[in-house]
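Student: Please see the structure below; I have some questions.
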Amino acid sequence: MGVVADTSSIIGAWHMHYLPDSLKGFWSFFDDAWTDGRIVVPEAVYDELSEQSEQVFAWVKDRRHRVELPSEEVQETDRRSPHG
């Protein structure tokens, strides 16, 4: 499994550090790394992006088929959690 990208890192990169109009190479790298599994975007991040950044979500939504669903082990742990 690759490095897990969280919501704040994607939004920060998009809106502050690696603006897509200026640094297209970064987003090409991110896209390639996501394609080959070096970067993982979990379903929870996808859901959070839909609520927090319309622009980022539009980009990620085009790649929805790559979003990782939680494993059975993670789902079971969540069901047993007092916070779940």
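Student: Could you pull out the residue among Ala33, Ala5, Ala13 that is of a type in the set (Gly, Ala, Ser), more than 30 Å from Glu72 (Cα to Cα) and surrounded by 14 or more Cβ atoms within 10 Å (Cβ to Cβ)?
Tutor: Ala13
Student: For a quick check of your reading: which helices (runs of 4 or more DSSP H) sit entirely within segment 1-55 and have at least 3 residues that are among the small types (Gly, Ala, Ser) and on the phi < 0 side of the Ramachandran plot?
Tutor: The qualifying helices (runs of 4 or more DSSP H) are 7-12, 24-35.
Student: Shifting gears a bit: Take segment 1-19 and flag every residue that is at pLDDT below 95 and more than 13 Å from the chain's Cα centre (by Cα).
Tutor: The answer is Met1, and nothing else.
The values are calculated or read from the model by the stated rules, or taken from the named source; none is laboratory data. All values derive from a computational prediction rather than experimental measurement. Neighbour counts run over all protein chains shown; Cβ positions are idealised from the backbone, glycine included.
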